[in-house]
Amino acid sequence: MTYQVRLEMFEGPLDLLLHLIREHQLNILDIPIARITEEYLRYLALMQELDLDVAGEFLLMAATLIHIKSKMLLPPDEAAEGEGEEEGDPRAELLDRLLEYKKFKDAAQTLGVLEAEQAQLHRRGAPATELEVEGPLAVSLFELLRAFRGVLRRADVSAPLEITPEELNVGQRIVVLLDLLAAESPIEFTGLFAGTLRRAEIIVTFLALLELLRRRLASARQAEPMGPIMIYRGVEYLDEQPAGRLEGEEARRLGSPRGYPEAGTSEAS
Amino acid sequence: MSAELDRRGIVEALLFVAEEPLPLARLQEVLADEDPAATEATIRELAERLEEEGRGLMVQEVAGGFRLATRPEAHPWIQRLQQVKPAKLSRPALETLAIIAYKQPITRAEIEAIRGVAVEGVMRTLLERGLIRMLGRKAEAGRPILYGTSTDFLEHFGFKDLGDLPSLKEIDELIGPSGAESPSPNSGAAAEASPAVPPPTGNGTGDPTDAPEAT
């Protein structure tokens, strides 16, 4: 498999850490470094197995985590220059970065809500072509990887035999997935792997999915954190208003573009 | 048969033809009002009239001016008419934009330090979209480019000015004393650069991160 999915438009290592903290319901202010390092490396290994174009930042963060972990194993050194490392929690700097980043991640979410509201206000002379969106994911890459791990685990049990997949390639699998989505949309993430038992085949399917997402031929959406991930044909989910609008009731009504106009007409008359 | 054109009608006509949000001062000038308060009152009356009559348009105050926009309730029909999907910025783009909005003026390296990933591609998209702009260069080694948000940014998100940005959630209280004085190079950077780089809008509130105001 010499197929590389480019990840530049996806998330970075800080996202992965925040994802892990949420997934395992850890206290961000008291991160169990050994555990999170282990989890982090597990994801990293998975990404590398997928031959994802893992950016250097991910490796750098892995090194940072391992460094912090080793420092925490050392007994507190009274003799250490008190000036250099005040208090001396080796995690302090990482925590600062995480919190600083999370602040803007949250702010970005708010901006997204405001953007969606503004997108409903139209004005004269506005370009008919809307924004070009370069990112496809309504779920994070790590949510996808997490779901993917689940699929892989099941496969490992039921088909321990590894078969060399000479006929498998991502390009063909993309076509298969497009056909699937043309017949039915949305499909639950795990449904894409139905009947797929071989590990290599599962990996190829996943890579094909990532490529479809990147090219916006499909989109992924998750209604609630850790909930099932739905895969949509194209970007059609954009028709709906994503959950979590500032005005929930508005969102629900507008969420059914077919139903709402009729209701509105009777309201207006 | 037709009622006489009143001041509200005139403002409505002006807003209709304007391609950008019309600043109050410009409207005042055109209406030849002595007092901006008179212009403002007319705008408000127009807004009320539109609302009372259940019209499809409303007056929106955005990006330092006023414009006519369709009411949100009209959106599903407009979508039917235009068959255009309201696309959204990607999450990485929104995050990058948020950092720029709250920390401007800011260099690419400073953004990358916060996001922990390269942002070159995302920044290019944002520049092409006109949501961010180059403000100048930072007075440090290499003279890196400083970025800030544009008027289009304000319009895109419906802000009157940068003071309208929602306040960043205050996290300092969450952090114990160890992290409270976290290194925050950004306020310093903004202060350094500000003489060379005027804030992008007329509202002089400065760095919005410093002023967590009610939203």
Q.
Condition first: part of a helix (DSSP H, G or I), surrounded by 20 or more Cβ atoms within 10 Å (Cβ to Cβ) and either within 9 Å of another protein chain (Cβ to nearest Cβ) or in contact with a strand residue (DSSP E or B) (Cβ under 8 Å, 6 or more places away or on another chain) (or both). Can you find one or more residues in segment B:126-140 that meet it?
A. yes
**Q.** segment B:113-125 - residue that is of a type in the set (Val, Ile, Thr) and either part of a helix (DSSP H, G or I) or facing chain A (nearest Cβ under 7 Å) (or both) and, of those, farthest from residue A:58 (Cα to Cα)
**A.** B:125
Q) So which of A:181, A:210 ends up being in a helix (DSSP H, G or I) and either at pLDDT below 85 or closer than 17 Å to residue A:152 by Cα (or both)? A) A:210
Q.
Give me the residue from segment B:87-112 that is outside any helix (DSSP H, G or I) and modelled with pLDDT of 85 or more and, out of that set, surrounded by the fewest Cβ atoms within 10 Å (Cβ to Cβ).
A. B:107
(Q) I'd like to know if segment B:2-12 contains one or more residues that are under 26 Å from residue A:119 (Cβ atoms) and not assigned by TED's automatic domain parsing to the domain that holds residue B:163. (A) yes
Q: Would you be able to say whether some residue in segment A:128-145 is away from chain B (no Cβ under 14 Å) and at pLDDT 85 or above?
A: yes
Q: Return only the number of the condition from (1) closer than 20 Å to residue A:96 by Cα; (2) acidic (Asp, Glu); (3) within 7 Å of chain A (Cβ to nearest Cβ) that residue B:110 does not satisfy.
A: (3)
Q: Looking only at segment B:52-103, count how many residues are among the acidic types (Asp, Glu) and at the interface with chain A (Cβ under 7 Å from one of its Cβ atoms).
A: 2
Q: Have a look at B:74, B:93, B:101 and point out the one that is closer than 28 Å to residue A:108 by Cα and touching a residue at least 60 places away in the same chain (Cβ under 8 Å).
A: B:101
**Q.** Answer residue from segment B:141-154, given it is within 14 Å of chain A (Cβ to nearest Cβ) and buried (at least 23 other Cβ atoms within 10 Å of the Cβ) and is farthest from the chain's Cα centre (by Cα) among those
**A.** B:149
Q | Selection count, segment A:28-56, where residues are buried (at least 17 other Cβ atoms within 10 Å of the Cβ) and either more than 17 Å from the chain's Cα centre (by Cα) or among the polar types (S, T, N, Q) (or both) | A | 4
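The values are calculated or read from the model by the stated rules, or taken from the named source; none is laboratory data. Since this is a predicted model, take the numbers as computed values, not measurements. Virtual Cβ from ideal backbone geometry, glycine too; neighbours counted across all protein chains shown.
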